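The structure under discussion appears below in the form of structure tokens.
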Amino acid sequence: MNRKIAIIGAGVAGLSAARVLSTSGARLVVLEKSRGVGGRMATKRVGEAVFDTGAQFFTARADGFAADVQRWVDLGRAEPWPGSAHRWIGRGGMTSVAKHLAEGIDVERERKVTAARRHESGYWELDIENAGILRVERLLLTAPMPQSLALLDQGGVRLPDDVAGELRSVSYRPCLAALLVLDGSSAVPPEGVAPSEGPLRWVADNGLKGLCRQAAITVHAGPEFSAREYGRPEAEVLESMTAAARPWLGDRRVVSAALHRWRYSEPVGSLPRPFVWIPELSLGFAGDAFLGGRVEAAALSGQALGHHLAAQLAPAANEA
Ligand SMILES: Cc1cc2nc3c(=O)[nH]c(=O)nc-3n(C[C@H](O)[C@H](O)[C@H](O)COP(=O)(O)OP(=O)(O)OC[C@H]3O[C@@H](n4cnc5c(N)ncnc54)[C@H](O)[C@@H]3O)c2cc1C
């Protein structure tokens, strides 16, 4: 057995689970398909401009999570959105929080898992693209639910019917994100804007958030526009989104524009429990499919699954 526990996904849910488990002494590895950590807490640099491309801020409603956020603030990893008492951002970009969570954890990046098989002797076998097979005793899946379930389908794993029905009921909305660099100050209000009409649902200037010195505008399209236009060529989508964002760009020129397509941006509804653990398969699920499509929900879900598993492992650790 190479490792006891594999966690798939280095988003906030997977990293939160990993931190809890590693504190309890478990041997684990986090497998992440991307080059960086953070998942949908993503920060992208384009020249001198810096954009939060996915989550724009997070809230801290639960006391435990508020204490985590305060710790991140004390460590210089998070700060309030300028002028707001209820919104928190990663300092220098949302990924700074994820990078902090990943410290001291064995995160293997650019490791895309393509199938998860349950071996009859009771262990998991993970196919990793261009990197062979990893065998583990326990498996935690934290990718958006359809992606997690696809790995099990690919490995021919059959889940108990009731759990399968519940997990398969979670679907996600897409979100198209335009990243625009302007040649001067924008007309976006410092707190960002959530338009109530039209194709857009969010416009914010990352420069005013303190991420960079220039006007770097993140524009999120709403769910209907995103679903309808998802497959259209980049230039056409950018043209439509830039035109819709024009009231907040002033008369500035767009000097660079890029498009990010979030296929799984937020769940439609969510499951009203923090995680799923299937003991007979040594298999767990966490992420923002549970408790709500927000950073805080994903963190709390990952932590809760981590604590659940750590409590199970504790007697075995004591015996050893
Ligand atoms: C456009 C947008 C705007 C948002 N705005 C906000 C906001 O303002 N406030 C807020 O609180 N939340 C917001 N959210 C939601 C928030 O970002 C998510 O709820 C949260 O980040 C989810 O974390 P997670 O760990 O559950 O999933 P993810 O962050 O999706 O992490 C899953 C990870 O698994 C990896 N992965 C997937 N498949 C594999 C595989 N086969 N092998 C290896 N790795 C794999 C992915 O690369 C990813 O890193 C927004 C999301 C988007 C997309």
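The values are calculated or read from the model by the stated rules, or taken from the named source; none is laboratory data. It should be emphasised that the depicted structure is a prediction, and the values quoted were computed from it without experimental measurement. Ideal geometry is used to build each Cβ from the backbone, glycine not excepted, and the neighbour counts take in all protein chains shown.
Observations
- Odd one out for PRO80, checked against (1) more than 15 Å from the ligand (Cβ to nearest atom); (2) outside the structural domain of ILE133 (by TED's automatic domain parsing): (1)
- Test: residue in segment 74-87 that is of a type in the set (S, T, N, Q) and free of Cβ contacts under 8 Å to residues at least 24 places away in the same chain: no
- Applying the criterion of being assigned to a helix (DSSP H, G or I) and within 9 Å of the ligand (Cβ to nearest atom) to the residues of segment 116-160, the residue that is surrounded by the fewest Cβ atoms within 10 Å (Cβ to Cβ) is ALA150.
- For segment 122-138, a residue qualifies if it is farther than 19 Å from VAL37 by Cβ, in contact (Cβ under 8 Å) with a residue 40 or more places away in the chain and aliphatic (A, V, I, L, M), and exactly one does: VAL136.
- Which listed residue is modelled with pLDDT under 95 and either buried (at least 21 other Cβ atoms within 10 Å of the Cβ) or within 16 Å of the ligand (Cβ to nearest atom) (or both), from SER301, SER265, SER270: SER270
- Cβ-Cβ under 6 Å pairs, at least 6 apart or on other chains, segment 15-37 side more than 8 Å from the ligand (Cβ to nearest atom) and hydroxyl-bearing (Ser, Thr, Tyr), far side modelled with pLDDT under 95 and assigned to a strand (DSSP E or B): none
- Restricting segment 45-74 to residues that are away from the ligand (no atom under 12 Å from the Cβ) and among the basic types (Lys, Arg), the residue that is nearest to ALA258 (Cα to Cα): ARG45
- Looking across segment 60-106, the residues that are in a helix (DSSP H, G or I) and surrounded by fewer than 17 Cβ atoms within 10 Å (Cβ to Cβ) come down to ASP63, GLY64, ALA66, ALA67, GLN70, ARG71, VAL73, ASP74.
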